[in-house]
Amino acid sequence: MFIPESLRKKTEEEMHKILSESLDTKFKMQLIAPGGKKNVSDWSVLVLLDNFKVPSGMILSQKKQEHNE
C-alpha cells in the first residue's frame, strides 16, 4: 500500500485513533496506483483484541472497485 507522502501523517493519526478506540469502521484513503495516479479507496477496518480486550492489531480490507474507462 503506497500512501502519498503528503497524507502519511494524517493516515497514521487516523489508524492510531481507530486502534485506540477499538473501532470497527469504514473510511476512505488516497493511494498511489501504478503510473503515479492517485486513487481514493474505500476500506473496512476490523480491530483485533487480545485476551484482555486490549487492541493488538487491525485488519484492513479494501473494497473492490470497478474501473470504468
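Of all the residues in region 5-30, those that are farther than 20 Å from Leu46 by Cβ and surrounded by 14 or more Cβ atoms within 10 Å (Cβ to Cβ) number 2. The set of residues in region 16-60 being within 11 Å of the chain's Cα centre (by Cα) and of a type in the set (Phe, Trp, Tyr) consists of Phe27, Trp43.
Residue count for region 49-64, restricted to those that are surrounded by 10 or more Cβ atoms within 10 Å (Cβ to Cβ) and either modelled with pLDDT under 80 or farther than 19 Å from Thr11 by Cβ (or both): 2. Scanning region 20-48 for residues that are of a type in the set (A, V, I, L, M) and over 16 Å from Lys10 (Cα atoms) turns up Leu23, Ala33, Val45, Leu46, Val47, Leu48.
Taken over region 17-44, the criterion of being assigned to a strand (DSSP E or B) and acidic (Asp, Glu) is satisfied by Asp42 alone.
The values are calculated or read from the model by the stated rules, or taken from the named source; none is laboratory data. It should be emphasised that the depicted structure is a prediction, and the values quoted were computed from it without experimental measurement. Cβ coordinates were reconstructed from backbone atoms using ideal geometry, including for glycine residues, and neighbour counts include every protein chain displayed.
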